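Heads up, the thing below is written out as structure tokens.
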Amino acid sequence: MVTRQEIGAFVPGIEVHLDGAAKGPLAGRNFAAKDIFDVAGTVTGCGNPDWARTHGPATATAPAVQRLLDAGATLVGKTITEELAFSLTGENAHYGAPVNVNAPGRTCGGSSSGSASAVAAGLVDFAIGSDTAGSVRVPASFCGIFGLRPTHGRVPLDNVMPLAASLDTVGWFARDGALLREVGSVLLDPAPKPPAGPFLLAEDAMAVVDDAVRDALLAAVDKLCALLGKPKKVAVSDFAGSSGLARWAHVMRTVQAGEAWATHGAWITEVKPKFGDAIAERFAAVAQVAATDIAECLPEREAIADHIAELLSGGAILAVPAAPSIAPLRGSPPDVLAKLRGDAQLITCIAGLARLPQISLPLCEIDGCPLALGLVAGSGNDGILLDIAAEMSAGAFG
């Protein structure tokens, strides 16, 4: 049995323990929360010592955390996040990189690195994180666990540090698909669940990854055919006025940049926090994004969202890579990480721009390292994805 110290997933120096209700659907389970969720009486550190230094203890607990406590789950700690949740790699310059037990020597992905690490290592039954541009989907893939980014707005974001409000979501991880669904039954606001509709395969998203990754993902798609039928191949970014996934990723980056600077720019300007090099460069870059560029991208974002909504109407499900590769080695050079980030955005922009749910299913392995298939569903159809995860854990396929 590994220990917390060996894994390094929890924020050092912070002890958080809140017992859950005696009865409830999650009674007897324990969980961890990414250190962007407020817990009353505790400073929310957001992955940066200067943030922790300049913010007092939270006066209220995030409703997402409280829902889990009320359902019987016990909170046992706060997990490391990359600084202000603004990275995908999983290496925090101040607190280190949590261990990825399923891919030794490789990162967990981020920014929900500690939450994914703690779940993969068996330190908790499940954990909550956030996903703005892939921060649940990518770590779930790298760590070989289930992860869900829900429909935007279905889980309350109150008392959760924002990054980009129109992209931010509360997501969660579990090693078991049935438990992932149980957590969803507690966290998600109610919505009708239609039957699963057509199964689609995003050929343009699959073209982002290399041959070995694509072959592994297509084998995973074949496993799903018993449950969902043979997929229809589509070019998801092919519609009138669209310039392809590279433009979609640009739109997402621009929207995220505008919202991130609007959220944190004043604090950064005043405090001048010490960031790790990559995060410092990222915030310096978003500060320079012109308001005219942001305004130009907003209607384009809505056109993309409308197109995807139509494509995924009637319970349709779209298969995409959950991540562009297996996890990179810890300490990889900046150019390797920049390529990873860029390739990931070509994929994560699909659900992100359209405000849709996406699940990571740990169905693949390359060179002994996990890799997940992503499934995107229409707005509010999170339950379809969670049912698929539960079926997978029950051995219905794969």
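FYI, it's all coordinate maths here, none of it is from the lab. Because the structure is predicted, anything quoted here is derived from the model rather than measured. Please note: Cβ atoms are built from the backbone with ideal geometry, for glycine as well, and neighbour counts cover all protein chains shown.
Taking a ≥ b ≥ c as the square roots of the Cα gyration tensor eigenvalues, with a/c under 1.5 meaning rounded and otherwise prolate when a/b beats b/c, else oblate, which class fits region 9-187? It comes out rounded by the Cα gyration axes.
Backbone amide hydrogens, once placed in the peptide plane, bring ASN100 within less than 5 Å of GLY105, ARG106, excluding anything fewer than 5 places away on its chain.
For LYS232, the lysines whose Cα falls under 19 Å of its own Cα, not counting residues fewer than eight places away in the same chain, are LYS223. I need the shape label for the chain. Rule: rounded when a/c is under 1.5, else prolate if a/b > b/c, else oblate, with a, b, c from the alpha carbon gyration tensor. It comes out rounded by the Cα gyration axes.
This ranking places THR59, THR74, THR169 by how few other beta-carbon atoms lie within 10 Å of each, fewest first, which gives THR59, THR74, THR169.
Sorting CYS225, CYS143 on the 10 Å Cβ count, fewest up front, what's the list? Walk me through the intermediate numbers first.
Details: CYS225 12, CYS143 36.
With the fewest neighbours first, CYS225, CYS143 line up as CYS225, CYS143.
In this Cβ point-charge picture (+1 for Lys and Arg, -1 for Asp and Glu), the chain has a dipole of about 420 debye about its Cα centre.
Just add up the charged neighbours of SER242: K/R +1, D/E -1, any other residue whose Cβ is under 14 Å from the Cβ of SER242. Net charge in that neighbourhood comes out at -4.
The slack between ALA226 and ALA303, meaning 0.36 nm per residue of separation minus the straight C-alpha distance, is 24.4 nm. DSSP assigns beta bridges within region 9-187; of those with both partners inside it, close to 65 percent run antiparallel. Taking 20 Å as the straight-line reach from the Cα of LYS233, the aspartates and glutamates in range (excluding those fewer than 8 positions away in the same chain) are GLU203, ASP204, ASP210, ASP211, ASP215, ASP222, ASP306, GLU310.
Using the Cβ-Cβ distance between ASP215 and ASP367 with R0 = 22 Å, the FRET efficiency computed as 1/(1 + (r/R0)^6) comes to roughly 0.95. Using a Gaussian network model on the chain with a 10 Å cutoff between Cα atoms, which of THR269, THR132, THR151 fluctuates the most? Highest fluctuation among the options: THR269. Taking Lys and Arg as +1 and Asp and Glu as -1, the other residues whose beta-carbon sits under 15 Å from that of ALA319 total +2. Net length available on complete extension from ALA284 to ASP158 is 42.7 nm, with 0.36 nm assigned per residue and the Cα-Cα distance removed. The aspartates and glutamates within cross-link reach of LYS34, meaning a Cα-to-Cα straight distance under 17 Å and a gap of 8 or more places when in the same chain, are GLU15, GLU82, GLU83, GLU91, ASP125, ASP131, ASP158, ASP168. Quick one: if you stick a label point 7 Å off each Cα along the C-beta vector at ALA394 and ALA207, how many nm between them? Using points 7 Å along Cα→Cβ, the separation is 3.8 nm. Label 7 Å along Cα→Cβ of ILE14; region 154-173 residues with amide nitrogen under 11 Å? Hits in region 154-173 for ILE14 at 11 Å: 161. GNM on the chain, alpha-carbon springs under 10 angstrom: the most fluctuating residue among LEU312, LEU187, LEU227 is LEU227.
Restricting the calculation to alpha carbons of region 199-393 gives Rg and Dmax of 18.0, 57 angstrom.
Each DSSP beta bridge with both residues in region 199-393 is either parallel or antiparallel, and the antiparallel ones are about 65%. Under the shape rule built on the C-alpha gyration tensor, where the axes satisfy a ≥ b ≥ c, region 110-214 is rounded, since a/c falls short of 1.5.
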